[in-house]
Amino acid sequence: MMEDDEIRRVRAQVARLHAELVRYGLVVWTAGNVSGRVPGTDLFVIKPSGVDYDDLTPANMVLCDLSGAVVAGTEGSGLSPSSDTAAHAYVYRAMPEVGGVVHTHSTYATAWAARGEPVPCVITGMADEFGGEIPVGPFAIIGDDSIGRGIVATLSAIGKDARDAVKAAVMAEDAARTVHVARQGGELLPLDPADIDALFDRYQNVYGQPAKGAPR
């Protein structure tokens with residue numbers, strides 16, 4: 001199968017983003033993965049299973065269809081895709097607006113999940129990025145689409161691509177760590193819902209540089 005420029009672009013992006021998981025301390029050994037939907041297709045790119053992060057390249061990313069099956073004859077098709085592939089595929093099928101999925105084992109976010117406890121929105125960075133608390137999905141065993149079903153049932157705030165997914169994972173861990181430290185010192189003080197809404201709107205719609213061609 002000849003691969004077009006868009007598939008090659010997503011391969012390169014997904015391979016590169018795995019280094020961000022290592023940089024921000026969100027994974028250990030070969031755990032965790034990033035996937036990215038190929039825009040305009042029923043395909044996504046995902047990390048191969050059990051391959052060291054230092055050895056990940058665009059060529060050994062695995063191209064899959066939305067059933068989770070590897071696309072034969074493509075680069076990386078001789079490798080087994082991530083054991084999370086069925087879960088990623090379920091998310092892409094159920095939520096067409098999702099452009100990327102990331103799975104990490106970040107310490108503080110996982111610690112909140114181990115208690116079955118959402119991270120309350122008590123800092124402005126959380127309001128900016130998430131517009132409220134960070135929810136906890138249901139427990140599920142890896143290997144089929146159960147984790148994907150839990151994601152779809154839990155999440156409503158969605159970014160556009162794999163980079164957005166990785167950024168959300170980085171910010172979730174930062175918030176989980178900060179709120180954990182704050183709680184050790186005493187009672188948490190939740191932000192007012194109106195302030196959360198205002199902060200989220202500013203960050204999502206005003207913060208940063210305008211898009212090319214957008215009015216200033």
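The values are calculated or read from the model by the stated rules, or taken from the named source; none is laboratory data. Here the structure is a predicted model, which is why all the values come from computation and not from measurement. Please note: Cβ atoms are built from the backbone with ideal geometry, for glycine as well, and neighbour counts cover all protein chains shown. We work out accessible area using only protein heavy atoms, side chains counted, and drop any ligands, DNA or RNA first. Shrake-Rupley method; radii C 1.70, N 1.55, O 1.52, S 1.80 Å.
For the reader, a short list of remarks on this structure follows.
- In this simple spin-label approximation, Glu97 and Asp65 carry label points 7 Å from Cα along the Cα→Cβ vector, and these lie 2.7 nm apart.
- Every helix of 4 or more DSSP H residues in the chain counts as -39500 (n - 2.57), and over all residues that averages to -13000 deg cm²/dmol at 222 nm.
- Surface share of carbon and sulfur [accessible, 1.4 angstrom probe, percent] for the chain: 55 percent
- In the chain, excluding the sites themselves, the longest stretch lacking any of the GluC sites (Glu not before Pro) that are in a DSSP loop with at most 11 other Cβ atoms within 10 Å is 1-96.
- Counted over the chain with a bin width of 5 Å, the fraction of Cα pairs per bin, in whole percents, is 1, 7, 14, 18, 19, 16, 12, 8, 4, 1, 0, 0.
- Cleavage-rule hits (chymotrypsin sites (Phe, Trp or Tyr not before Pro)) in region 12-103: DSSP loop, at most 11 neighbouring Cβ within 10 angstrom: Trp29
- Between Leu189 and Arg8, the modelled label-to-label distance comes to 5.5 nm, taking each label 7 Å out from Cα in the direction of the beta carbon.
- Scanning the chain for DSSP H helices at least 15 Å long along the axis (C-alpha atoms) with a Kyte-Doolittle mean no lower than -1.0 picks out 5-23, 162-184, 193-205.
- Surface analysis of region 68-201 yields an accessible area of 52 Å² per residue, using protein heavy atoms and a 1.4 Å probe.
- Mean Cα-pair separation over length for the chain, i.e. relative contact order, pairs under 8 Å, 6 or more apart, %: 21 percent
- For the pair Asp197 and Thr57 in one chain, pulling the backbone fully straight at 0.36 nm per residue adds 46.4 nm over the alpha carbon distance.
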